[in-house]
Amino acid sequence: QLQLVESGGGLVQPGGSLRLSCVASGFDSAFYGIGWFRQAPGKEREGVACSSSGGTTNYADSVKGRFTVSRESAKNTVYLQMNSLKPEDTGVYFCAADPRYGNTCQPSWEYSHWGQGTQVTVSS
């Protein structure tokens with residue numbers, strides 16, 4: 001059974017950093033595009049970053065230069081490194097996978113398999 005599990009969320013002060021992990025099981029994530037999304041209370045879900053299976057990464061303008069997606073194939077894991085965090089980055093963060101995104105990806109595209117999310121709160 002294909003499964004994604006996020007971890008690494010928590011409470012951090014503005015300007016701080018967090019690294020989220022997305023561990024895949026039941027499939028080889030190296031052959032899937034992986035997207036990272038967030039949803040703040042009362043707001044629609046927003047795609048923030050993605051990594052295609054071919055190595056392309058793309059980011060939403062709101063996080064460009066602050067967030068970085070990376071993969072560790074040996075652990076079947078994808079990371080989202082978040083630096084210079086702002087209060088507006090607060091939300092539940094999800095990772096998602098889709099086998100269609102090989103050559104490229106966009107955070108705004110649809111993804112077929114989802115994790116359960118991890119809470120990130122940026123506050124002083």
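The values are calculated or read from the model by the stated rules, or taken from the named source; none is laboratory data. In this text the structure is predicted, and so the values were computed from the model without any measurement. As a convention, Cβ positions derive from the backbone with ideal geometry for all residues, glycine included, and neighbour counts pool all protein chains shown. Protein only, heavy atoms only, side chains kept; ligands, DNA and RNA dropped before computing areas. Shrake-Rupley method; radii C 1.70, N 1.55, O 1.52, S 1.80 Å.
Which residues, counting only those in segment 51-60, are in contact with a Pro (Cβ under 9 Å, 6 or more places away or on another chain) and either more than 16 Å from residue 98 (Cβ to Cβ) or surrounded by fewer than 17 Cβ atoms within 10 Å (Cβ to Cβ) (or both)?
Step one: of segment 51-60, the residues in contact with a Pro (Cβ under 9 Å, 6 or more places away or on another chain) are 53, 58-60.
Hits for segment 51-60 are 59, 60.
Could we say that residue 35 is closer than 14 Å to residue 4 by Cβ and either under 13 Å from the mean Cα position of the chain (by Cα) or among the polar types (S, T, N, Q) (or both) here? First the steps, then the outcome.
Details: closer than 14 Å to residue 4 by Cβ: yes; either under 13 Å from the mean Cα position of the chain (by Cα) or among the polar types (S, T, N, Q) (or both): yes.
Yes, satisfied.
Can you name every one of the strands (runs of 3 or more DSSP E) wholly within segment 66-124 that holds 1 or more residues which are open to solvent by 50 Å² or more (accessible area, probe 1.4 Å)? I'd like the intermediate steps shown before the answer.
Details: elements: 67-72, 77-82, 91-98, 118-122.
Because the criterion is at least 1 residues that are open to solvent by 50 Å² or more (accessible area, probe 1.4 Å), the strands (runs of 3 or more DSSP E) in segment 66-124 that meet it are 67-72, 77-82, 118-122.
Quick one: how many residues across segment 1-14 are in a loop (DSSP other than H, G, I, E, B) and within 14 Å of residue 120 (Cβ to Cβ)? Lay out the reasoning, then the answer.
Narrowing segment 1-14 to residues in a loop (DSSP other than H, G, I, E, B): 1-2, 8-9, 13-14.
Cutting the leftovers down to within 14 Å of residue 120 (Cβ to Cβ) gives us 8-9, 13-14.
Looking only at that region, the number is 4.
Could you list, in sequence order, the residues of segment 1-20 that are at pLDDT 95 or above and in contact with a His (Cβ under 7 Å, 6 or more places away or on another chain)?
Answer for segment 1-20, where residues must be at pLDDT 95 or above and in contact with a His (Cβ under 7 Å, 6 or more places away or on another chain): just 4.
Give 48, 23, 63 a once-over and let me know the one that is touching a strand residue (DSSP E or B) at 6+ places or on another chain (Cβ under 9 Å), part of a loop (DSSP other than H, G, I, E, B) and either modelled with pLDDT of 95 or more or open to solvent by less than 20 Å² (accessible area, probe 1.4 Å) (or both). Outline the logic, then answer.
Values: 48 fails: part of a loop (DSSP other than H, G, I, E, B); 23 fails: part of a loop (DSSP other than H, G, I, E, B).
Going through 48, 23, 63 in turn, just one is touching a strand residue (DSSP E or B) at 6+ places or on another chain (Cβ under 9 Å), part of a loop (DSSP other than H, G, I, E, B) and either modelled with pLDDT of 95 or more or open to solvent by less than 20 Å² (accessible area, probe 1.4 Å) (or both): 63.
Condition first: open to solvent by less than 30 Å² (accessible area, probe 1.4 Å) and under 25 Å from residue 73 (Cα atoms). Now tell me which residues in segment 28-45 satisfy that. Working first, answer last.
Here is the first cut: in segment 28-45, the ones open to solvent by less than 30 Å² (accessible area, probe 1.4 Å) are 29, 33-38, 40.
Of everything in segment 28-45, those that are open to solvent by less than 30 Å² (accessible area, probe 1.4 Å) and under 25 Å from residue 73 (Cα atoms) turn out to be 29, 33, 34, 35, 36, 37, 38.
Check whether at least one residue in segment 78-94 is over 21 Å from residue 16 (Cα atoms) and under 11 Å from the mean Cα position of the chain (by Cα), and report yes or no.
no
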